[in-house]
Amino acid sequence: MEIRKMNVVVVLVLTSIGVIQANTFHFPDNFSFGVATAAYQIEGGWNKSGKGENIWDRITHKRPEWVKDGKNADIACDSYHLWKIDVQLLKQLGVDFYRFSLSWSRILPTGFSEYINWNGVRYYSDFIDELLANDIRPVVTLYHWDLPQPLQDLGGWPNLLIASYFEDYAKVAFQLFGDRVKTWITINEPNEICDTGYGTGAAAPGIEESGTLDYLCGKTVLIAHAKAYHLYDKYYRNKQKGEIGITIVSRWNEPKTNSTRDKEAAERTMQMQFGWWAHPIFSTKGDYPLVMKERIRNMSQCQNLEESRLPKFTTNEIEYIKGSSDFMGLNHYSTWLITDDSENNCTIVSYENDMGMKNVQDPSWIPSAASWLKDVPWGFRKLLQWIKVEYDNPLIHITENGFADVGELHDTGRIHYHRGYLNELLNAIHLDGCKIKSYALWSLMDNMEWQDGYTLKFGLYYVNFSDPLRTRTPKSSANFYKELIRLRRIPRDTPQLIVI
Ligand code: NOJ
């Protein structure tokens, strides 16, 4: 869709068409609303003012055909230059906070903390000041998938040394921005970093070593997270008075049938996808989930390996990681149906095979433009209930939830999705007693959706990527969310969009 800035006026009005039974619950007074983005997906300025190369710059430049539309994020939404406009969009929405990430290579171009790029520091510092001047709280993710290339040249996340370099980077960030940033997220979606980056190869650095490098990566990521947590806890918390946690993504995995085998498979999948990260940090026992250790050990034995492919934690490491999060950051998008496949062929070495399940989505579920994302709101509540029981009702920040389309301005699919998911979130708070403190909608604006390039759109604001000015235009969903924040409940009406 092409929208020319000069001859199109967008007017949003409320109508009573399409009324859906609204939840009468309100969001609690101390509940906060925000939107989320990530540095690589929006900033652009990939080599501007001293920024170093990261693994996404490298893969999109070296292998453009690997991205669905052959594009990269060299410019993306150009937020490196348009950040003041972004703050105005946030202001228009009326959000309490903005979740964004720092680009490690913009601050430390080599990846190491010996050399700081002060231009990069100034960029984030000015941006944070502008947010605060507009009463918007910065919620900052340290790592949203963009590893500095020099650290990948050392092997990347499967190399345990990266955990210490991450700690050094975290220290620089706490020192420079911790006076103003009071919510830190160490790492976004470890599952995607490890499984997709080093397992299936569908994310940078595009390595396909499933069942081995993904597990090595996982150990480093958990230790890296814990190092940053303890650093903050020991040296910065008293003075800076903030909170720090990790963001884990989770689907809801529903058994496809009532059979015990499918039920066990669905539970095993929860443990091996979400528990892989959550169990070491949030369970009272720490360490990986038992079922994960058993499954991978048995599969490894069957493959004539002397040791499990899942690297062990020492007792000290287990204690060090356990409890290392002030809150659980949760990203959630969709639901899957699980069938048991535990008697699968052990000659295949892969994380998928280790899980021993098959997953599908019900064809009757409302689709989005992303093949993996269906609109299944009840799965969100089931996930929240499961987490409550499994980890003794932790304090949760929903750090992402969003819907993909191809860029409609009157994005009724997105509104329908958020209406349903926020409805279930209200039920989880009021009926189930889940301790959910905030909600960040993914995403503020359309952006570079990783391997899918610009083919999928998640934004509340449409971005015209063929306009050098990267103009941003509110979609109907922006008005919906704005109204929801204002009312502190789900609006009854669906905003209609009239394009004149
Ligand atoms: C999760 C990731 O954190 C984010 O970067 C991505 O764009 C969304 N999911 C949508 O796929």
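A few comments on the model shown:
- Looking only at region 87-144, and only at residues there that are assigned to a helix (DSSP H, G or I) and of a type in the set (Phe, Trp, Tyr), the one that is surrounded by the most Cβ atoms within 10 Å (Cβ to Cβ): Trp104
- Subset of region 230-254 that is small (Gly, Ala, Ser) and assigned to a loop (DSSP other than H, G, I, E, B) - its residue that is farthest from Leu330 (Cα to Cα): Gly242
- For Thr247: the one exception among (1) over 30 Å from Arg180 (Cβ atoms); (2) in contact (Cβ under 8 Å) with a residue 40 or more places away in the chain: (1)
- Where Ser371 falls short, out of the listed (1) within 19 Å of Ala265 (Cα to Cα); (2) surrounded by fewer than 19 Cβ atoms within 10 Å (Cβ to Cβ): (1)
- Taken over region 268-303, residues that are farther than 23 Å from Asn188 by Cα and assigned to a helix (DSSP H, G or I) amount to 12.
For every residue, the table says whether it meets (1) charged (D, E, K, R); (2) away from the ligand (no atom under 15 Å from the Cβ); (3) free of Cβ contacts under 8 Å to residues at least 40 places away in the same chain; (4) farther than 30 Å from Leu216 by Cβ.
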site: Thr339; (1), (2), (3), (4): no, yes, no, no
site: Ser350; (1), (2), (3), (4): no, yes, no, no
site: Asn353; (1), (2), (3), (4): no, yes, no, no
site: Asp362; (1), (2), (3), (4): yes, yes, yes, yes
site: Trp365; (1), (2), (3), (4): no, yes, yes, yes
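- Being touching a strand residue (DSSP E or B) at 6+ places or on another chain (Cβ under 7 Å), closer than 30 Å to Asn30 by Cβ, among the aliphatic types (A, V, I, L, M) and in contact (Cβ under 8 Å) with a residue 60 or more places away in the chain is a description that applies to Val181.
- Single condition Asp362 does not satisfy, out of (1) of a type in the set (Asp, Glu); (2) more than 17 Å from Ala428 (Cα to Cα); (3) surrounded by 15 or more Cβ atoms within 10 Å (Cβ to Cβ): (3)
One line per residue, one yes/no per condition, for (1) within 22 Å of Lys388 (Cβ to Cβ); (2) touching a residue at least 12 places away in the same chain (Cβ under 8 Å); (3) surrounded by 22 or more Cβ atoms within 10 Å (Cβ to Cβ):
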position: Ile187; (1), (2), (3): no, yes, yes
position: Thr196; (1), (2), (3): no, no, no
position: Gly211; (1), (2), (3): no, yes, no
position: Lys234; (1), (2), (3): no, no, no
position: Asn238; (1), (2), (3): no, no, no
position: Pro255; (1), (2), (3): yes, yes, no
position: Asn258; (1), (2), (3): no, no, no
position: Pro280; (1), (2), (3): yes, yes, yes
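- The set of residues in region 411-452 that are within 14 Å of the ligand (Cβ to nearest atom) and among the small types (Gly, Ala, Ser) comprises Ala440, Ser443.
- Selection from region 463-489 of residues that are buried (at least 22 other Cβ atoms within 10 Å of the Cβ) and within 16 Å of the ligand (Cβ to nearest atom): Val463, Ser477
- Whenever a residue of region 133-157 is under 30 Å from Lys241 (Cα atoms), its partners that are among the hydroxyl-bearing types (Ser, Thr, Tyr) and in a loop (DSSP other than H, G, I, E, B), lying with C-beta atoms within less than 6 angstrom and at least six residues away or across chains, give the pairs Asp146/Ser103.
- Positions within region 418-473 being touching a helix residue (DSSP H, G or I) at 6+ places or on another chain (Cβ under 7 Å) and farther than 26 Å from Leu330 by Cβ, in sequence order: Arg470, Arg472
Every read-out reported here was derived from the displayed coordinates using simple, explicitly stated rules and does not represent laboratory data. A quick note: this is a predicted structure, and the numbers were derived from the prediction, not measured. When we count neighbours, we look across all protein chains shown, and the Cβ atoms used for this are built from the backbone with ideal geometry, even at glycine.
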